[in-house]
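Reading through the structure tokens given below for one structure.
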Amino acid sequence: MTRWHVEAILIDMDGTLLDTEKVYLEASIAALNALGYRDGIVEICHAMIGIPGPDNEQTLRDHFGDNFPLVEVNRLFAEKTIEILQAGMPLKRGVIALLDAIEAAGLPKAVVTSSSRSTATEHLRLARIDHRFDAILTRDDVTRAKPHPDLYLLAANRLQARAQACIAIEDSNPGVAAAHAAGAITLMVPDIVPPTEQSRARCEAVLQDLDAVREMLEMRLPLRLPT
């Protein structure tokens, strides 16, 4: 099997490190239902996964019209999200073992997320993994967020790595598009929305979970990682 020359690991946050996409989906549906919106909202909410909040707000306006009560929806969404997360910030399976292995290999790593800086900082803190990364890149750091490549290019630069020598780990189709456009070695661990055929073509592999990612790194990196 061909070995990869890897200089850094770039990891998406929501749906990849943190099991929050299902939280956001539940909160979004609850907020829309509370205001009487029901038809087609599951499909709309699925389409917004992996997309920055401001872009999703425009999607909702485009679909429901200029009179859509965005402020009230955002308030209800925030309340429901806080309610759900009071039980704790859920990690995706295999996160800690993967981070341990990357550190044992001596590779720098960054979070690359479409969330805002404030949200990313708070959620990583609640998950108790905020100290595990060399950099945290958010939508506030670029003009164009995912699916554009800017965040991944900036993350590689921050870690003094070449984008094409970075492994990007993503769960969403927009995230895969961003990582691939940046030239990174892209791995997908699908969360709620399955990969499109285009995403599959853009990825080196589509894997079941982060444990499978760690196992692939053991096979493909020159330095064997601990299990």
* Asked: Roughly what % antiparallel, to the nearest 5, for the DSSP beta bridges in the chain?
  -> 5 percent
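In debye, nearest 20, what is the charge dipole magnitude of the stretch 26-90 about its Cα centre with +1 on Lys and Arg Cβ and -1 on Asp and Glu Cβ, if you could check?
Roughly 120 debye for the stretch 26-90.
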* To do: Would you kindly find the accessible area of Ser172, with a 1.4 Å probe and non-protein molecules such as ligands, DNA and RNA excluded, rounding to the nearest 10 Å²?
  => 10 Å²
* To do: In whole angstrom, note down how far apart the Cα centers of the stretch 183-210 and the stretch 78-100 are.
  => 21 Å
* Measuring from the lowest to the highest alpha carbon on each principal axis, how far does the stretch 133-190 reach, largest first, in angstroms? -> 26, 23, 20
* Asked: Does the stretch 182-222 come out rounded, prolate or oblate by the C-alpha gyration tensor, with a ≥ b ≥ c the root eigenvalues, rounded set by a/c under 1.5 and, if not, prolate when a/b is larger than b/c and oblate if not?
  -> oblate
* Amide H to amide H under 5 Å from Ile11: which residues, 5+ apart in sequence or cross-chain, H placed 1.01 Å off N in plane? -> Ala110, Val111, Val112, Ile169
* Mind grabbing the accessible area of Met219 for me, 1.4 Å probe, Å², rounded to tens? => 100 Å²
* **Neighbour-limited loop hits for trypsin sites (Lys or Arg not before Pro), the stretch 1-99 (at most 16 other Cβ within 10 Å; DSSP other than H, G, I, E, B)** => Arg3, Arg38, Arg93
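Return a whole-number percent for the relative contact order of the chain, with Cα pairs under 8 Å and 6 or more residues apart as the contact set. Please list the in-between numbers first.
On the way: 379 pairs, mean separation 63.7, N = 227.
Relative CO of the chain lands at 28 percent.
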* **Farthest positive-ward along the chain dipole, Cα basis, beta-carbon charges - from Ala30, Gln164, Ile41** => Gln164
* To do: Specify the residue with the greatest mean-square fluctuation among Ala205, Ala87, Ala34, computed from a Gaussian network of the chain linking alpha-carbon atoms under 10 Å apart.
  => Ala87
* **Per-q log10 I(q)/I(0), the chain, q = 0.13 Å⁻¹ (Debye; single scatterer per alpha-carbon; no solvent)** => -0.73
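The values are calculated or read from the model by the stated rules, or taken from the named source; none is laboratory data. Note that this is a predicted model, so its numbers are computed, not measured. As a convention, Cβ positions derive from the backbone with ideal geometry for all residues, glycine included, and neighbour counts pool all protein chains shown. Accessible surface areas use protein heavy atoms only, side chains included; no ligands, DNA or RNA. Shrake-Rupley method; radii C 1.70, N 1.55, O 1.52, S 1.80 Å.
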